[in-house]
1. With all protein chains present, how much of the accessible area of the stretch 1-141 (probe radius 1.4 Å) comes from carbon and sulfur, to the nearest whole percent?
2. Would you mind getting me the FRET efficiency between residue 137 and residue 21? Use the beta-carbon distance for r and R0 = 22 Å, nearest 0.05.
3. Restricting everything to alpha-carbon atoms, can you work out Rg to Rh for the stretch 1-60 with a Kirkwood hydrodynamic radius?
4. Compute the FRET efficiency between residue 73 and residue 163 as 1/(1 + (r/R0)^6), taking r as their Cβ-Cβ distance and R0 = 22 Å, and round to the nearest 0.05.
5. Averaged per residue, what accessible area in Å² does the chain show with a 1.4 Å probe, protein chains only?
6. Provide the per-residue ³J(HN,Hα) series for the stretch 163-172, in order, calculated from phi with Karplus coefficients 6.51, -1.76, 1.60 and θ = phi - 60°, each as a whole number of Hz, with x at glycine and proline positions.
7. At residue 57 and residue 174, where each label point lies 7 Å from the Cα along Cα→Cβ, what is the point-to-point distance in nanometres?
8. Rounded if a/c is under 1.5, else prolate if a/b is larger than b/c, else oblate: which is the stretch 19-131, with a ≥ b ≥ c the root eigenvalues of its Cα gyration tensor?
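The values are calculated or read from the model by the stated rules, or taken from the named source; none is laboratory data. Remember, it's a predicted structure, so these values are computed and weren't measured experimentally. In this analysis, Cβ positions are derived from the backbone assuming ideal geometry, glycine residues included, and neighbour counts consider all displayed protein chains. Ligands, DNA and RNA are stripped out before the accessible areas are found, and what is left, the full protein with its side chains, is counted by its heavy atoms. Shrake-Rupley method; radii C 1.70, N 1.55, O 1.52, S 1.80 Å.
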Amino acid sequence: MTDLAEEKRALRAQAAERRRRVHAEDFAGRLSMQMRDHALAGLPIAAGAVVGGYWPRGTEMDVRPLLNSFHERGHPIGLPHVRRRQPMSFHRWKPNDRLVSGVFGIEMPDHHTPEVTPDVLLLPLLAFDRHGNRLGYGGGYNDRTIAALRAHKPLLCVGVAYAVQEFDTVPHDRLDQRLDWLVTEKGVRRIERRRFLWLRQFFNS
């Protein structure tokens, strides 16, 4: 196992435990509602933009209140249809629509529902850092999907997490896709790319 793979494995275990603890304490979903309010107030999402979301599993931050609010504001919503080792497709979803159990037991729309292409993608994660590096579960599904979508159109990638899932540094390589924004129960944060930060420091010196 490479050093990077080992670093990711160790961080996944630590991050999963952090998330498990805070999720267990938030049995009433208060933090998810706070996250929703921050996202609605602070994310720069154009009117009518298509929002790609996810159906929460286990201890993931519950994004459904946010998806419901986006739907009420007139945003088309898509949920992912997972195919093994392939980028995910997104299919139209509305509150109370029936979902089916798919790959890995993930709840998803039936693949016969209309397909949509997200302008904004809400992503679950295990860990994140201030540079927008995101640690997922290791399957690469989200990274492949983000890369495929970004190859065709601008895409706003938003990490959705509890604040305790932030770490000083998340190990990454060139295949790992960075986030543009982060939203937690404590607020929203725009990611400042390192190269732009370096240029700003240079011209201000």
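1. Ligands and nucleic acids excluded, carbon and sulfur give 49 percent.
2. Computed FRET efficiency for residue 137 and residue 21 comes out at 0.75.
3. 1.11
4. With R0 = 22 Å, the Cβ-Cβ based efficiency is 0.30.
5. On a per-residue basis, the chain sits at 54 Å².
6. Taking θ as phi minus 60°, the curve returns 4, 5, 7, 7, 10, 4, 9, 10, x, 7 Hz for the stretch 163-172.
7. Here the modelled spin labels are 3.0 nm apart.
8. oblate
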